[in-house]
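Undergrad: To start, I am sharing the structure in question, which I have written as structure tokens.
The values are calculated or read from the model by the stated rules, or taken from the named source; none is laboratory data. Owing to the predicted nature of the structure, the values given are computational and were not obtained by experimental measurement. A quick note on method: Cβ atoms are made from the backbone with ideal geometry, for glycine too, and the neighbour counts reach across all protein chains shown. Side chains are part of the model used for accessible areas, which takes the heavy atoms of the whole protein and leaves out ligands, DNA and RNA. Shrake-Rupley method; radii C 1.70, N 1.55, O 1.52, S 1.80 Å.
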Amino acid sequence: DPYLEDPATLWLLHWHLATSTRRATTWSWVFSHVPAPEFTKADLLRWLTSLVRGQSTRASESSLRRDIDCFVRTYVATRPTRGVSIEETLECPLVELGLIREVGKGSYMLNRSEHPSLPDEVFAFALVSFLQGLASLNAATLTLERIALAPGSPARVFCLDEEALLRRLERLQKVTAGAVVFDETAGLRQLLLHRNLPEPMVLARRHYQGAGGAL
């Protein structure tokens, strides 16, 4: 698939996984709610067990452990082991995003940084998708704090640090053709929503069309 050769596609796949609260609960919970940037599988098991207890659904410990193992393998490369066939060591493509790194044996950390392989158009796609999902979005402005900290926001899902988030917000006016503008008037940092938001897929297509694709 030529589209999978473009990192933008991997970022879009990650976005859909990490915002699917019902079908990929572990993914969405880690990227939007995890209480500490560094964690172990045991930490995830404890947190997810507590989460499940507060819901109507039930999941056994063995099911949660399998889900956690799958989650980690999605983003963290497996250490090479002698005697293991190449088929068993094939990595998930999302490892290339560098969103989670192993910082010690069995200890992992969310890698909050610039992530230069994330196209501005995909960031804008995610931001508009996030905005459309806000039931309380009646105003024409949105504070920086909400964009940076709210569960399901692009800053959290894409593990962007504050400087990286600000740089991308400053480029939004060009990417969205003026529909969304970042403003810092009087020390108040916020998004200004000037008119009807563009459809998210329109923004994503701009990247592929500019890259020579025809999505």
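Undergrad: Cβ contacts < 8 Å: first residue touching a residue at least 24 places away in the same chain (Cβ under 8 Å) and more than 17 Å from LEU160 (Cβ to Cβ), restricted to region 94-113; second residue acidic (Asp, Glu) and open to solvent by 20 Å² or more (accessible area, probe 1.4 Å), any location; separation 6+ or different chain. Result?
TA: Listed by first residue and then by second, the contacts come to VAL103/GLU38; SER107/GLU38; TYR108/GLU38; TYR108/GLU102.
Undergrad: What is the one condition in (1) more than 19 Å from TYR75 (Cα to Cα); (2) modelled with pLDDT of 95 or more; (3) open to solvent by 50 Å² or more (accessible area, probe 1.4 Å) that LEU165 does not satisfy?
TA: Every listed condition holds for LEU165 apart from (3).
Undergrad: Counting only residues that are at pLDDT below 90 and open to solvent by less than 60 Å² (accessible area, probe 1.4 Å), which one in region 193-214 is nearest to PHE125 (Cα to Cα)?
TA: PRO198
Undergrad: Next question. Filtering region 142-162 down to residues that are at pLDDT below 95 and aliphatic (A, V, I, L, M), which residue is most open to solvent (accessible area, probe 1.4 Å)?
TA: LEU149
Undergrad: Here is a follow-up. Checking ARG23 against (1) of a type in the set (D, E, K, R); (2) open to solvent by 50 Å² or more (accessible area, probe 1.4 Å); (3) at pLDDT 95 or above, which single condition isn't satisfied?
TA: Answer for ARG23: the failing condition is (3).
Undergrad: While we're on this one: Evaluate region 102-115: report whether one residue or more is open to solvent by 60 Å² or more (accessible area, probe 1.4 Å) and more than 25 Å from SER28 (Cβ to Cβ).
TA: Within region 102-115 (the criterion being open to solvent by 60 Å² or more (accessible area, probe 1.4 Å) and more than 25 Å from SER28 (Cβ to Cβ)), the answer is yes, since at least one residue qualifies.
Undergrad: Then there is this: Working carefully through the options ALA186, ALA177, ALA164, find the one that is out of contact with any Ser or Thr (no Cβ under 6 Å at 6 or more places or on another chain), part of a loop (DSSP other than H, G, I, E, B) and not charged (D, E, K, R).
TA: Numbers: ALA186 fails: part of a loop (DSSP other than H, G, I, E, B); ALA164 fails: part of a loop (DSSP other than H, G, I, E, B).
Going through ALA186, ALA177, ALA164 in turn, just one is out of contact with any Ser or Thr (no Cβ under 6 Å at 6 or more places or on another chain), part of a loop (DSSP other than H, G, I, E, B) and not charged (D, E, K, R): ALA177.
Undergrad: Under 8 Å between Cβ atoms, at least 6 apart or on separate chains: pull out the pairs that start in region 63-75 with a residue that is part of a helix (DSSP H, G or I) and end on any residue that is among the basic types (Lys, Arg).
TA: From region 63-75, the pairs are ARG65/LYS41; ILE68/LYS41; ASP69/LYS41; VAL72/LYS41.
Undergrad: Separate question: Scan (1) farther than 16 Å from LEU17 by Cα; (2) at pLDDT 90 or above for the single condition LEU137 breaks and write down its number.
TA: (2)
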